[in-house]
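Take a look at the structure set out below.
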Amino acid sequence: MIPPIASKFVAGETEATALDHARKLNERGVKAILNLLGEHYAERAEADADADVYIDLVDEIAAANLDACISVKPSQVGLDFGADVFSENVTRIVDHAAAKGVFVWIDMEDHTTTDDTLDVFCELARKHEGGVGLAIQANLKRTREDLARLADVPGKIRLVKGAYDEPTEIAYKDKAAVNRAYKEYLKFMFESFEGGIAVGSHDPEMIAYAKELHDEYGTDFEIQMLMGVRTDAQYDLADEYEMWQYVPYGDRWAQYFYRRVMERKENVLFAVRAIVGR
Ligand code: FAD
């Protein structure tokens, strides 16, 4: 059972609690991106099992007619066992989801996975003429070329700042440099993409810049934030923009919760207050 302090960031341990959270978000005008927590397994069977869970989740989303989609981590569905295993599992998920009209996002992990993840995404996006999206990281220097490659691939791209600690030779490490790169890449997307732009950031400065670019270029975009982060802003933004909340769930919540708490001192204070009861 998830302790109350973790339930700020994680929608429960079961599919039913995640679907219930999605239903409540939909009532407030926010759409849901459901993510079963899990990554880097020791056995291929665990990756195959998570792919099966996603296929079941797609059925539940479609049956409940929710404004919801799914987001899958490459290592969760087999990339550690080879690009072919990842491709096989994610293709199974995307083929099934396409038949049910449910959108599938592929999260991006550390730089050693970027080429395989991009290749599989491009193949699936072309096969289904969309229906699938990919996260791209602004902290990686290669992203300029990757976005140029992706400009004429169907589907959506979620631009994020990047959550992995990457080597200096290939990544911007300094916050200001990452922010500059984020803006440069976002501008390129508004100039060159026909749509399918997702701003995966809590940063008011990046969101304001996306609004400016939308006014200038007219390209549609959506905003995505994590469950438990700037929730009131999410509801406010949903009045005017397409707003999606990334909703993790499942029994592997402890590591994810720890990451959320440690990335921001306000979250540490929140956790400490919850533990000491004030
Ligand atoms: P930050 O630079 O962390 O913060 C900028 C500003 O945003 C802060 O100054 C503050 O004003 C505001 N802010 C940020 N956090 C909070 C908070 N907790 N409370 C209040 N205000 C806050 N990374 C990957 O590497 N791969 C992925 O596939 C991936 N998918 C993601 C999907 C979604 C929907 C989101 C939102 C993020 C994803 N990330 C992913 C994580 C991302 O790379 C960043 O690590 C994370 O979003 C933090 O960066 P930020 O843009 O929110 O801004």
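Any read-out appearing in this document is the output of simple, stated calculations on the displayed coordinates, not a laboratory observation. Small disclaimer: the values here were computed from a predicted structure and weren't measured. Using ideal geometry, Cβ is built from the backbone for each residue, glycine included, and neighbour counts are taken over all protein chains shown.
Dipole magnitude for region 15-276: about 780 debye, using +1 per Lys or Arg Cβ and -1 per Asp or Glu Cβ, origin at the Cα centre. For region 225-232, 3J(HN,Hα) computed residue by residue from phi via the Karplus equation (6.51, -1.76, 1.60; θ = phi - 60°) reads 9, 7, 4, x, 10, 6, 4, 4 Hz, glycine and proline entered as x.
Tell me the relative contact order for region 127-278 as a rounded percent, counting alpha carbon contacts under 8 Å between residues six or more apart.
Value for region 127-278: 17 percent.
In percent, rounded to a whole number, the relative contact order of region 74-131 is 34, using alpha-carbon pairs under 8 Å and six or more apart. Using C-alpha pairs below 8 Å separated by at least 6 residues, the relative contact order for the chain is 23 percent. In whole angstrom, the chain maps to an equivalent ellipsoid with semi-axes of 25, 24, 20, each derived as √(5λ) from the alpha carbon gyration tensor and ordered largest first. Evaluating kT/(6 pi eta Rh) at 10 °C and 1.306 mPa s, with the Kirkwood radius of region 36-87 over Cα pairs in the Stokes-Einstein relation, gives 139 µm² s⁻¹.
Sparsely packed loop sites in region 1-106 (the GluC sites (Glu not before Pro) outside DSSP H, G, I, E and B with at most 13 other Cβ atoms within 10 Å) comprise GLU43.
Give a quick list of GluC sites (Glu not before Pro) in region 132-225 that DSSP marks as loop, anything other than H, G, I, E or B, with at most 11 other Cβ atoms within 10 Å.
Listed in order of number, the matching sites are GLU169, GLU194.
Remark on ALA138: its backbone amide H falls under 5 Å from those of VAL160, LYS161, GLY162, a criterion applied only to residues 5 or more positions apart or on other chains, H modelled at 1.01 Å from N. What is the mean projected area of the alpha carbon convex hull for region 19-149, to one decimal in square nanometres? Approximately 8.2 nm², given one-decimal rounding. Taking other C-beta atoms within 10 angstrom as a stand-in for reagent exposure, VAL104, VAL160 fall in the order VAL160, VAL104, fewest first.
Distances between placed amide hydrogens fall under 5 Å for GLY133 paired with VAL104, TRP105, ILE106, LYS156, all partners being 5 or more residues away or on another chain. Of the trypsin sites (Lys or Arg not before Pro) in region 8-85, the ones in a loop by DSSP (not H, G, I, E or B) with at most 14 other beta carbons within 10 Å are ARG28.
As a proxy for reagent exposure, ranking GLU109, GLU129 by other Cβ atoms within 10 Å from fewest up yields GLU129, GLU109. Here the 3J(HN,Hα) profile of region 8-24, calculated from phi with Karplus coefficients 6.51, -1.76 and 1.60 at θ = phi - 60°, is 5, 10, 10, 8, x, 8, 10, 4, 4, 5, 5, 5, 5, 4, 4, 4, 5 Hz, Gly and Pro shown as x. Residue pairs exceeding 32 angstrom between C-alpha atoms, taken from LYS8/LYS161; LYS24/LYS100; LYS73/LYS211; LYS100/LYS173: LYS100/LYS173. Using the Karplus relation 6.51 cos²θ - 1.76 cosθ + 1.60 with θ = phi - 60°, the per-residue 3J(HN,Hα) values for region 240-248 come to 10, 10, 6, 10, 10, 10, 7, 10, x Hz, with x marking Gly and Pro. Report summary: the helix-based calculation at 222 nm, which adds -39500 (n - 2.57) for every DSSP H run with n ≥ 4 and divides by the residues of the chain, gives -15500 deg cm²/dmol. Which of GLY130, VAL247, LEU36 sits closest to the plus end of the dipole of the chain, meaning its Cα is farthest towards the positive end, when Lys and Arg get +1 and Asp and Glu get -1 on the C-beta? Among GLY130, VAL247, LEU36, the one farthest towards the positive end of the dipole of the chain is VAL247.
Taking amide hydrogens as placed 1.01 Å from N in the peptide plane, the amide H of CYS69 sits under 5 Å from those of ALA32, ILE33, LEU34, each at least 5 positions away in sequence or on another chain.
Shown for ILE5, ILE70, ILE33: other C-beta atoms within 10 Å of each C-beta, ranked fewest to most, produce the order ILE5, ILE70, ILE33.
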